[in-house]
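Since the structure comes first, as C-alpha coordinates, the remarks are kept for the end.
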Amino acid sequence: MKSTNHVLVTGGAGYIGSHTVVELMEAGNKVTVVDNLERSEYKIIEGVEAITGTKIDFHKIDCLDSESLNQLFSQNKFSSVIHFAAFKSVNESVVKPLSYYKNNVGSLITLLDVMKVHQVKDLIFSSSCTVYGQPDHIPVDESAPFKKAESPYGSTKQVCEQILEEVAKEGFRVVSLRYFNPIGAHPSSLIGELPIGVPNNLVPYVTQTAAKVREKLTVFGDDYDTSDGSCVRDFIHVSDVASAHVKAIDYLNKQKENFYDAFNLGTGIGVSVLELVKKFIEVTGVNLNYSIGPRRSGDVEKVYADPKKIHHAFGWQTKYDLGQSLLHAWQWEKKLRNI
Ligand code: NAD
Ligand code: WQD
(Lines give C-alpha, C1' and ligand atoms only; values in the text may rest on other atoms or scores of the structure.)
(Ligands and ions follow the chains in the order given, each with its own letter.)
Protein backbone atom coordinates (compact mmCIF):
# COMPACT_ATOMS: atom_id res chain seq x y z
CA MET A 1 0.00 0.00 0.00
CA LYS A 2 1.31 3.48 -0.89
CA SER A 3 1.97 5.66 2.13
CA THR A 4 0.12 8.98 2.42
CA ASN A 5 2.99 10.61 4.31
CA HIS A 6 4.52 13.72 2.83
CA VAL A 7 7.80 14.24 4.63
CA LEU A 8 9.85 17.44 4.56
CA VAL A 9 13.54 16.64 4.97
CA THR A 10 15.75 19.60 5.89
CA GLY A 11 19.45 19.09 5.18
CA GLY A 12 18.41 16.37 2.75
CA ALA A 13 21.42 16.88 0.49
CA GLY A 14 23.76 16.06 3.38
CA TYR A 15 25.28 12.76 4.42
CA ILE A 16 22.59 11.29 6.66
CA GLY A 17 19.74 13.27 5.09
CA SER A 18 20.36 11.94 1.58
CA HIS A 19 20.46 8.32 2.76
CA THR A 20 17.24 8.94 4.67
CA VAL A 21 15.53 10.38 1.60
CA VAL A 22 16.36 7.12 -0.21
CA GLU A 23 14.91 4.98 2.59
CA LEU A 24 11.80 7.17 2.86
CA MET A 25 11.12 6.99 -0.86
CA GLU A 26 11.75 3.26 -1.01
CA ALA A 27 9.17 2.86 1.78
CA GLY A 28 6.63 4.73 -0.39
CA ASN A 29 6.72 8.16 1.28
CA LYS A 30 6.41 11.40 -0.69
CA VAL A 31 9.46 13.53 0.09
CA THR A 32 10.38 17.20 -0.27
CA VAL A 33 13.97 18.25 0.38
CA VAL A 34 15.22 21.59 1.65
CA ASP A 35 18.93 22.37 1.83
CA ASN A 36 20.97 25.56 1.40
CA LEU A 37 23.86 23.46 -0.03
CA GLU A 38 26.27 25.26 2.29
CA ARG A 39 27.79 21.95 3.40
CA SER A 40 26.81 19.66 0.53
CA GLU A 41 26.57 19.42 -3.24
CA TYR A 42 23.65 19.08 -5.61
CA LYS A 43 25.26 15.99 -7.14
CA ILE A 44 24.13 14.07 -4.04
CA ILE A 45 20.53 14.86 -4.94
CA GLU A 46 21.27 13.52 -8.42
CA GLY A 47 22.66 10.40 -6.76
CA VAL A 48 19.41 9.98 -4.83
CA GLU A 49 17.50 10.40 -8.08
CA ALA A 50 19.64 7.71 -9.73
CA ILE A 51 19.03 5.27 -6.86
CA THR A 52 15.29 5.85 -6.60
CA GLY A 53 14.60 6.52 -10.28
CA THR A 54 12.52 9.53 -9.22
CA LYS A 55 12.98 13.28 -9.59
CA ILE A 56 13.47 14.87 -6.18
CA ASP A 57 11.35 17.83 -5.14
CA PHE A 58 14.35 19.93 -4.07
CA HIS A 59 14.34 23.52 -2.76
CA LYS A 60 17.49 25.52 -2.10
CA ILE A 61 16.29 27.22 1.06
CA ASP A 62 18.05 28.25 4.24
CA CYS A 63 16.21 27.04 7.34
CA LEU A 64 16.81 30.44 8.93
CA ASP A 65 14.71 32.00 6.16
CA SER A 66 11.22 31.82 7.65
CA GLU A 67 9.59 33.55 4.68
CA SER A 68 10.75 30.91 2.21
CA LEU A 69 9.85 28.12 4.60
CA ASN A 70 6.40 29.64 5.12
CA GLN A 71 5.87 29.76 1.39
CA LEU A 72 6.90 26.12 1.02
CA PHE A 73 4.59 25.04 3.84
CA SER A 74 1.73 26.98 2.21
CA GLN A 75 2.26 25.13 -1.05
CA ASN A 76 2.45 21.66 0.54
CA LYS A 77 0.61 19.73 3.23
CA PHE A 78 3.49 18.08 5.05
CA SER A 79 2.65 15.28 7.47
CA SER A 80 6.02 15.39 9.21
CA VAL A 81 9.44 17.00 9.17
CA ILE A 82 12.88 15.46 9.66
CA HIS A 83 15.33 18.17 10.65
CA PHE A 84 18.92 17.31 9.70
CA ALA A 85 20.01 20.81 8.70
CA ALA A 86 22.80 21.92 11.03
CA PHE A 87 26.55 22.44 11.22
CA LYS A 88 28.32 19.40 12.65
CA SER A 89 32.04 20.04 13.09
CA VAL A 90 33.14 19.90 16.71
CA ASN A 91 36.41 21.74 15.96
CA GLU A 92 34.80 24.46 13.88
CA SER A 93 32.22 25.04 16.61
CA VAL A 94 35.01 25.89 19.06
CA VAL A 95 36.30 28.56 16.66
CA LYS A 96 32.87 29.86 15.61
CA PRO A 97 30.46 29.21 18.47
CA LEU A 98 28.09 32.00 17.47
CA SER A 99 27.55 30.66 14.00
CA TYR A 100 26.84 27.21 15.49
CA TYR A 101 24.25 28.55 17.94
CA LYS A 102 22.71 30.70 15.22
CA ASN A 103 22.48 27.95 12.64
CA ASN A 104 21.72 24.93 14.81
CA VAL A 105 19.46 26.47 17.42
CA GLY A 106 18.17 29.28 15.18
CA SER A 107 17.10 26.96 12.36
CA LEU A 108 15.22 24.72 14.77
CA ILE A 109 13.31 27.65 16.28
CA THR A 110 12.52 29.08 12.85
CA LEU A 111 11.27 25.70 11.68
CA LEU A 112 9.13 25.14 14.79
CA ASP A 113 7.51 28.54 14.33
CA VAL A 114 6.60 27.75 10.74
CA MET A 115 5.37 24.25 11.64
CA LYS A 116 3.14 25.75 14.30
CA VAL A 117 1.58 28.25 11.91
CA HIS A 118 0.85 25.47 9.41
CA GLN A 119 -0.19 22.95 12.07
CA VAL A 120 2.41 20.38 11.15
CA LYS A 121 2.95 18.52 14.40
CA ASP A 122 5.43 15.73 13.81
CA LEU A 123 9.17 16.35 14.00
CA ILE A 124 12.18 14.06 14.06
CA PHE A 125 15.32 15.78 15.25
CA SER A 126 18.97 14.82 14.63
CA SER A 127 20.62 14.71 18.01
CA SER A 128 23.91 13.11 18.94
CA CYS A 129 25.53 10.83 21.50
CA THR A 130 27.71 13.84 22.19
CA VAL A 131 24.94 14.99 24.60
CA TYR A 132 26.18 12.32 27.06
CA GLY A 133 29.87 13.32 27.09
CA GLN A 134 31.74 10.50 28.86
CA PRO A 135 28.86 8.61 30.46
CA ASP A 136 29.22 6.98 33.87
CA HIS A 137 27.78 3.69 32.63
CA ILE A 138 28.41 1.91 29.34
CA PRO A 139 26.51 0.93 27.31
CA VAL A 140 24.79 4.26 27.79
CA ASP A 141 21.00 4.36 27.88
CA GLU A 142 18.67 7.31 27.50
CA SER A 143 18.32 7.86 31.24
CA ALA A 144 21.97 8.97 31.48
CA PRO A 145 22.26 12.65 32.39
CA PHE A 146 23.69 15.22 30.00
CA LYS A 147 27.24 16.09 31.02
CA LYS A 148 28.71 19.54 30.46
CA ALA A 149 29.13 19.71 26.69
CA GLU A 150 32.68 19.29 25.37
CA SER A 151 32.08 21.81 22.59
CA PRO A 152 29.63 24.47 21.43
CA TYR A 153 28.43 21.90 18.87
CA GLY A 154 27.52 19.46 21.64
CA SER A 155 25.90 22.27 23.54
CA THR A 156 23.65 23.15 20.56
CA LYS A 157 22.33 19.57 20.56
CA GLN A 158 21.62 19.70 24.29
CA VAL A 159 19.86 23.07 23.95
CA CYS A 160 17.82 21.88 20.95
CA GLU A 161 16.67 18.79 22.85
CA GLN A 162 15.65 20.95 25.80
CA ILE A 163 13.73 23.31 23.53
CA LEU A 164 11.95 20.39 21.91
CA GLU A 165 10.97 18.78 25.18
CA GLU A 166 9.38 22.05 26.28
CA VAL A 167 7.84 22.99 22.94
CA ALA A 168 6.24 19.55 22.53
CA LYS A 169 3.72 20.76 25.11
CA GLU A 170 2.36 23.16 22.48
CA GLY A 171 0.84 20.28 20.53
CA PHE A 172 3.85 18.77 18.78
CA ARG A 173 4.93 15.15 18.60
CA VAL A 174 8.70 15.02 18.63
CA VAL A 175 11.39 12.37 18.63
CA SER A 176 15.09 13.15 19.06
CA LEU A 177 17.41 10.50 17.68
CA ARG A 178 20.84 10.45 19.30
CA TYR A 179 23.14 9.17 16.60
CA PHE A 180 26.35 7.48 17.61
CA ASN A 181 29.01 7.29 14.85
CA PRO A 182 27.41 7.01 11.41
CA ILE A 183 29.80 5.60 8.79
CA GLY A 184 29.71 4.00 5.35
CA ALA A 185 27.76 4.86 2.25
CA HIS A 186 24.84 3.59 0.23
CA PRO A 187 25.71 0.13 -1.21
CA SER A 188 25.23 1.54 -4.75
CA SER A 189 28.11 4.01 -4.17
CA LEU A 190 25.87 6.68 -5.72
CA ILE A 191 25.73 8.70 -2.50
CA GLY A 192 28.03 8.96 0.52
CA GLU A 193 29.84 11.40 2.75
CA LEU A 194 31.52 14.52 1.30
CA PRO A 195 33.87 15.75 4.01
CA ILE A 196 34.94 19.38 3.73
CA GLY A 197 38.72 19.82 3.79
CA VAL A 198 40.79 17.53 5.99
CA PRO A 199 38.37 15.13 7.68
CA ASN A 200 38.08 15.17 11.47
CA ASN A 201 36.16 11.91 11.59
CA LEU A 202 37.90 8.57 11.61
CA VAL A 203 36.39 6.70 8.67
CA PRO A 204 36.75 9.42 6.01
CA TYR A 205 40.34 9.84 7.21
CA VAL A 206 40.89 6.10 6.84
CA THR A 207 39.42 5.96 3.32
CA GLN A 208 41.30 9.09 2.19
CA THR A 209 44.54 7.58 3.51
CA ALA A 210 43.82 4.33 1.70
CA ALA A 211 43.17 6.40 -1.45
CA LYS A 212 46.54 8.14 -0.90
CA VAL A 213 44.89 11.56 -0.55
CA ARG A 214 46.34 11.64 2.99
CA GLU A 215 49.76 10.29 3.74
CA LYS A 216 49.08 8.61 7.05
CA LEU A 217 46.35 8.01 9.59
CA THR A 218 47.23 8.92 13.16
CA VAL A 219 45.45 6.85 15.78
CA PHE A 220 44.84 9.32 18.57
CA GLY A 221 46.10 7.53 21.66
CA ASP A 222 46.71 3.90 22.63
CA ASP A 223 46.91 4.45 26.38
CA TYR A 224 43.20 4.57 27.21
CA ASP A 225 41.63 2.11 29.60
CA THR A 226 40.25 -0.11 26.81
CA SER A 227 41.14 -3.58 25.52
CA ASP A 228 43.84 -2.33 23.12
CA GLY A 229 44.31 1.18 24.52
CA SER A 230 42.53 3.02 21.68
CA CYS A 231 39.14 4.74 22.08
CA VAL A 232 35.93 2.78 21.72
CA ARG A 233 32.93 3.95 19.69
CA ASP A 234 29.65 2.67 18.27
CA PHE A 235 30.01 2.77 14.48
CA ILE A 236 26.73 2.40 12.61
CA HIS A 237 26.03 2.15 8.87
CA VAL A 238 24.44 5.37 7.60
CA SER A 239 21.67 3.41 5.83
CA ASP A 240 20.76 1.82 9.17
CA VAL A 241 20.63 5.29 10.70
CA ALA A 242 18.43 6.31 7.77
CA SER A 243 16.01 3.38 8.08
CA ALA A 244 15.35 4.24 11.74
CA HIS A 245 13.85 7.56 10.58
CA VAL A 246 11.25 5.73 8.48
CA LYS A 247 10.26 3.76 11.58
CA ALA A 248 10.24 6.96 13.65
CA ILE A 249 7.55 8.44 11.40
CA ASP A 250 5.27 5.44 11.97
CA TYR A 251 6.04 5.57 15.68
CA LEU A 252 5.08 9.27 15.94
CA ASN A 253 1.84 8.59 14.04
CA LYS A 254 0.75 6.37 16.92
CA GLN A 255 1.45 8.93 19.68
CA LYS A 256 -0.88 11.46 21.26
CA GLU A 257 -0.20 15.21 21.02
CA ASN A 258 2.35 16.84 23.34
CA PHE A 259 4.74 13.97 22.91
CA TYR A 260 8.50 14.07 23.32
CA ASP A 261 11.02 11.30 23.65
CA ALA A 262 14.67 10.65 22.81
CA PHE A 263 16.23 7.45 21.51
CA ASN A 264 19.75 6.18 21.11
CA LEU A 265 20.53 5.26 17.53
CA GLY A 266 23.52 2.93 17.61
CA THR A 267 24.39 -0.73 17.16
CA GLY A 268 25.11 -1.45 20.80
CA ILE A 269 28.55 -2.76 19.84
CA GLY A 270 31.69 -1.03 21.05
CA VAL A 271 34.56 -1.12 18.54
CA SER A 272 38.01 0.30 19.18
CA VAL A 273 39.79 2.54 16.70
CA LEU A 274 42.49 -0.09 16.16
CA GLU A 275 39.90 -2.82 15.66
CA LEU A 276 38.25 -0.66 13.02
CA VAL A 277 41.57 -0.06 11.26
CA LYS A 278 42.29 -3.80 11.20
CA LYS A 279 38.79 -4.61 9.94
CA PHE A 280 39.22 -2.04 7.15
CA ILE A 281 42.44 -3.70 6.01
CA GLU A 282 40.82 -7.14 6.21
CA VAL A 283 37.68 -6.35 4.19
CA THR A 284 39.28 -4.12 1.56
CA GLY A 285 42.65 -5.83 1.20
CA VAL A 286 44.21 -2.35 1.10
CA ASN A 287 47.33 -1.66 3.12
CA LEU A 288 46.74 1.32 5.39
CA ASN A 289 49.59 3.57 6.49
CA TYR A 290 48.97 4.40 10.14
CA SER A 291 50.80 5.09 13.36
CA ILE A 292 49.95 5.82 16.96
CA GLY A 293 49.99 9.46 18.01
CA PRO A 294 49.03 11.43 21.10
CA ARG A 295 45.50 11.67 22.42
CA ARG A 296 43.18 14.20 20.75
CA SER A 297 41.90 16.71 23.26
CA GLY A 298 38.19 16.44 24.07
CA ASP A 299 37.89 12.76 23.09
CA VAL A 300 35.85 10.55 25.38
CA GLU A 301 37.49 7.21 26.16
CA LYS A 302 34.64 4.86 25.49
CA VAL A 303 31.02 5.22 24.45
CA TYR A 304 28.52 2.90 22.86
CA ALA A 305 24.75 2.70 22.89
CA ASP A 306 22.28 0.62 24.73
CA PRO A 307 19.78 0.45 21.83
CA LYS A 308 17.06 -1.55 23.62
CA LYS A 309 14.65 1.37 23.77
CA ILE A 310 14.63 1.98 20.01
CA HIS A 311 14.49 -1.76 19.28
CA HIS A 312 11.35 -2.14 21.35
CA ALA A 313 9.61 1.10 20.38
CA PHE A 314 10.34 1.14 16.65
CA GLY A 315 10.87 -2.55 15.87
CA TRP A 316 14.07 -1.35 14.20
CA GLN A 317 17.27 -3.37 13.82
CA THR A 318 20.53 -2.77 12.00
CA LYS A 319 21.08 -4.52 8.69
CA TYR A 320 24.82 -3.97 8.13
CA ASP A 321 27.85 -5.00 10.16
CA LEU A 322 31.16 -3.16 10.58
CA GLY A 323 32.86 -4.94 7.67
CA GLN A 324 30.06 -4.04 5.24
CA SER A 325 30.01 -0.47 6.50
CA LEU A 326 33.74 -0.07 5.90
CA LEU A 327 33.57 -1.75 2.52
CA HIS A 328 30.80 0.62 1.43
CA ALA A 329 32.82 3.59 2.71
CA TRP A 330 35.78 2.42 0.66
CA GLN A 331 33.70 1.80 -2.48
CA TRP A 332 32.33 5.35 -2.20
CA GLU A 333 35.84 6.82 -1.76
CA LYS A 334 37.05 4.90 -4.83
CA LYS A 335 34.12 6.21 -6.84
CA LEU A 336 34.87 9.80 -5.74
CA ARG A 337 38.55 9.45 -6.70
CA ASN A 338 38.01 7.40 -9.87
CA ILE A 339 40.16 4.61 -8.45
P1 NAD B 1 25.93 17.17 6.67
O2 NAD B 1 26.74 18.38 6.88
O3 NAD B 1 26.38 16.18 5.66
O4 NAD B 1 24.43 17.55 6.31
C5 NAD B 1 23.79 18.69 6.84
C6 NAD B 1 23.09 19.36 5.68
O7 NAD B 1 22.37 20.48 6.17
C8 NAD B 1 24.05 19.88 4.62
O9 NAD B 1 23.61 19.46 3.35
C10 NAD B 1 23.98 21.41 4.76
O11 NAD B 1 24.18 22.07 3.53
C12 NAD B 1 22.58 21.58 5.30
N13 NAD B 1 22.39 22.79 6.11
C14 NAD B 1 23.13 23.23 7.16
N15 NAD B 1 22.59 24.34 7.66
C16 NAD B 1 21.48 24.62 6.93
C17 NAD B 1 20.49 25.64 6.96
N18 NAD B 1 20.53 26.62 7.85
N19 NAD B 1 19.50 25.60 6.05
C20 NAD B 1 19.44 24.62 5.14
N21 NAD B 1 20.34 23.63 5.05
C22 NAD B 1 21.35 23.63 5.94
O23 NAD B 1 25.75 16.46 8.11
P24 NAD B 1 25.21 15.02 8.46
O25 NAD B 1 26.35 14.17 8.88
O26 NAD B 1 24.28 14.53 7.40
O27 NAD B 1 24.40 15.36 9.78
C28 NAD B 1 23.00 15.60 9.75
C29 NAD B 1 22.54 15.92 11.14
O30 NAD B 1 22.90 14.86 12.03
C31 NAD B 1 23.16 17.19 11.74
O32 NAD B 1 22.16 17.82 12.51
C33 NAD B 1 24.26 16.65 12.62
O34 NAD B 1 24.55 17.53 13.67
C35 NAD B 1 23.63 15.37 13.12
N36 NAD B 1 24.60 14.36 13.55
C37 NAD B 1 25.57 13.93 12.69
C38 NAD B 1 26.48 12.96 13.09
C39 NAD B 1 27.58 12.49 12.19
O40 NAD B 1 28.55 11.91 12.69
N41 NAD B 1 27.49 12.68 10.88
C42 NAD B 1 26.39 12.41 14.39
C43 NAD B 1 25.39 12.88 15.24
C44 NAD B 1 24.48 13.84 14.81
C1 WQD C 1 36.26 8.47 16.46
C2 WQD C 1 37.51 7.96 17.13
C3 WQD C 1 39.20 9.61 17.60
C4 WQD C 1 40.31 10.59 13.54
C5 WQD C 1 32.31 12.91 16.49
C6 WQD C 1 31.57 14.01 17.19
C7 WQD C 1 30.23 13.51 17.64
C8 WQD C 1 29.46 12.89 16.48
C9 WQD C 1 30.28 11.87 15.76
C10 WQD C 1 28.09 14.58 15.51
C11 WQD C 1 38.02 8.86 18.25
C12 WQD C 1 39.70 8.58 16.61
C13 WQD C 1 39.69 10.02 14.63
C14 WQD C 1 41.67 10.29 13.29
C15 WQD C 1 41.68 8.87 15.22
N16 WQD C 1 29.11 13.86 15.50
N17 WQD C 1 40.35 9.18 15.45
N18 WQD C 1 42.30 9.43 14.14
O19 WQD C 1 34.89 11.99 18.05
O20 WQD C 1 33.54 9.84 18.30
O21 WQD C 1 32.49 11.83 17.40
O22 WQD C 1 31.54 12.44 15.39
O23 WQD C 1 27.24 14.68 16.35
O24 WQD C 1 29.56 14.59 18.15
O25 WQD C 1 32.32 14.41 18.32
O26 WQD C 1 34.13 10.67 16.03
O27 WQD C 1 35.18 9.95 13.94
O28 WQD C 1 36.03 12.04 15.06
O29 WQD C 1 36.50 9.85 16.11
O30 WQD C 1 42.31 8.08 15.95
O31 WQD C 1 42.29 10.79 12.36
O32 WQD C 1 38.57 7.90 16.16
O33 WQD C 1 40.21 9.94 18.50
O34 WQD C 1 38.50 8.07 19.28
P35 WQD C 1 33.85 11.10 17.55
P36 WQD C 1 35.47 10.69 15.19
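Here are the numbers for the structure shown:
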read-out	value
Matching residues, segment 12-62, being open to solvent by less than 10 Å² (accessible area, probe 1.4 Å), out of contact with any strand residue (DSSP E or B) (no Cβ under 9 Å at 6 or more places or on another chain) and more than 22 Å from residue 179 (Cα to Cα)	47
Those residues of segment 162-202 which are among the aliphatic types (A, V, I, L, M), touching a residue at least 60 places away in the same chain (Cβ under 8 Å), open to solvent by 30 Å² or more (accessible area, probe 1.4 Å) and part of a loop (DSSP other than H, G, I, E, B), in sequence order	190, 194, 196
One residue from 313, 329 being aliphatic (A, V, I, L, M), open to solvent by less than 50 Å² (accessible area, probe 1.4 Å), over 28 Å from residue 92 (Cα atoms) and assigned to a helix (DSSP H, G or I)	313
Among (1) open to solvent by less than 10 Å² (accessible area, probe 1.4 Å); (2) under 26 Å from residue 326 (Cα atoms), the one test that residue 114 misses	(2)
Criterion (under 18 Å from the mean Cα position of the chain (by Cα), within 16 Å of ligand 2 (Cβ to nearest atom) and in a helix (DSSP H, G or I)) met by exactly one of 93, 40, 18	93
Unique residue being crowded, with 23+ Cβ neighbours inside 10 Å, aliphatic (A, V, I, L, M) and more than 22 Å from residue 197 (Cα to Cα) when the list is 9, 105	9
Single unsatisfied condition, residue 59 versus (1) under 23 Å from residue 201 (Cα atoms); (2) more than 16 Å from ligand 2 (Cβ to nearest atom)	(1)
Residue within segment 290-302 that is part of a loop (DSSP other than H, G, I, E, B), more than 16 Å from ligand 1 (Cβ to nearest atom) and acidic (Asp, Glu) present	yes
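The values are calculated or read from the model by the stated rules, or taken from the named source; none is laboratory data. Please read these numbers as outputs of a predicted model, since none were measured by experiment. Quick reminder, even Gly has a Cβ in these numbers, built from the backbone with ideal geometry, and neighbours come from all protein chains shown. Side chains included, ligands, DNA and RNA excluded: accessible areas come from the protein's heavy atoms. Shrake-Rupley method; radii C 1.70, N 1.55, O 1.52, S 1.80 Å.
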